[in-house]
Amino acid sequence: MKPGTSPSAPTRELWQRLKASGTARASLLLLIPLLVCALGADLIANDRPYTMVHQGERYFPAFRGMLVDTGLVHWPQPLLGVDFSRLPRSQGVFAPIPYRASGIDLMNSLTAPSSEHVLGTDKLGRDIAAGMVHGARISLTIGVVAVGIAAVIGILLGAVAGYFGGLIDLLVNRLFELMMAIPTFFLIITISAFVREPSIFYIMAVIGFTGWVGIARFTRNEFARARGMDYVTAAEALGAKSGRIMFRHILPNAMDPIIVSVVFGIAGAILVESGLSFLGIGVPADVVTWGSILNEARGNTFAWWLAVFPGCAIFLTVLSYNLLGEALRDALDPRLRGHLKGQ
């Protein structure tokens, strides 16, 4: 870093390059609505009203329901027997999509998109729009958590191999080759066969513990390159410990390719989860995901909405992360910085 340059200057410079990139703008245009849906799913699609008056008292079922679902509080006594889905719309303020993702209504089975169900329903009468919103949360959570696990493992192993080299590097590289020979998709299928109760946590864990090889190889190469640089030699001469040199000095300068690899990894994890849900593997039957909605389309070919909407969501999500990864790769490439500054 140049004297007089603030620590946030590289971040501001990166942000300026991303703002100048049409690819980055396109990716964010697709990602921001998905992130809003994931973070605010309970407020966007919910059969509980935001606020309502019952027996002369005002309640906020939607907000209280978030705490009820986590077990932190209980419903007030007057609301215990209330069926919120049957309340007249004039009695409360409801979410834009006034249905739960798992709400079953067999009287409205496989209805086409209409004013009541804007994206239609599946064979159990569950609202597809609500399923799409809550499915965004599941897909993005699996992608971020799984890649987070993979990043921790990959950075640790790659840093050790690149910094110490020699026999340690040889052994870790053999581990890389072994892990690359294990197909993640079929490993998840195998584990699911031995799991009594399917859970998305198994999917996140397996994707994370098997998907770290790419991040580890990038980290290893960056650490091996930085190992002989002057600032590392100076830190060693001053008596700094290996751990401090690795994670305090080398890692911040080796993060560029790691960040790009993580972004691409999120797209891959979402695609794996969607494929497993499509096959009915790994997620509980009562959990609605984009892949599980697509699975419904296999036995109901006339219900085009079961294939079009989740298919487009998966495509746009994976595309947006890939575009963001490409934009970051271009913005972090030193060979392009002079060109972008001259624009």
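The table that follows gives values for the structure above.
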{"quantity": "Dimensionless Rg/Rh of region 85-225 - Kirkwood Rh, Rg from C-alpha atoms", "calculated": "1.23"}
{"quantity": "Taking the chain and dividing mean pair separation by its residue count, relative contact order in percent (alpha carbons under 8 Å, at least six apart)", "calculated": "21 percent"}
{"quantity": "Nearest-ten-degree value, helix 255-278 long axis tilted from longest Cα axis of the chain", "calculated": "30 degrees"}
{"quantity": "0 to 90° range, to nearest 10: angle between helix 128-164 axis and the chain longest Cα axis", "calculated": "20 degrees"}
{"quantity": "Debye intensity ratio I(q)/I(0), log10, region 50-94, q values 0.26 Å⁻¹ (C-alpha model)", "calculated": "-1.04"}
{"quantity": "Packing rank of 301-313, 318-330, where each peptide gets the mean count of other beta carbons within 10 Å, highest leading", "calculated": "318-330, 301-313"}
{"quantity": "Potential lengthening between Glu13 and Ile189 on full extension [0.36 nm per residue; Cα-Cα distance subtracted]", "calculated": "59.0 nm"}
{"quantity": "Ranked by how many other beta carbons lie within 10 Å on average, peptides 199-207, 19-27, 67-75, 132-140 from highest", "calculated": "132-140, 199-207, 19-27, 67-75"}
{"quantity": "Most fluctuating residue given options Ile281, Ile314, Ile245, as computed from a GNM of the chain linking Cα atoms under 10 Å", "calculated": "Ile245"}
{"quantity": "Fraction of alpha-carbon pairs over 27 Å apart in the chain - percent", "calculated": "58 percent"}
{"quantity": "Mean ellipticity per residue at 222 nm, deg cm²/dmol - from DSSP H runs of n ≥ 4 across the chain, formula -39500 (n - 2.57)", "calculated": "-19500 deg cm²/dmol"}
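Each value in this text was obtained by applying a stated rule to the coordinates, not by laboratory testing. Keep in mind it's a predicted model, so treat the numbers as computed, not measured. We place every Cβ from the backbone using ideal geometry, glycine too, and count neighbours over all the protein chains shown.
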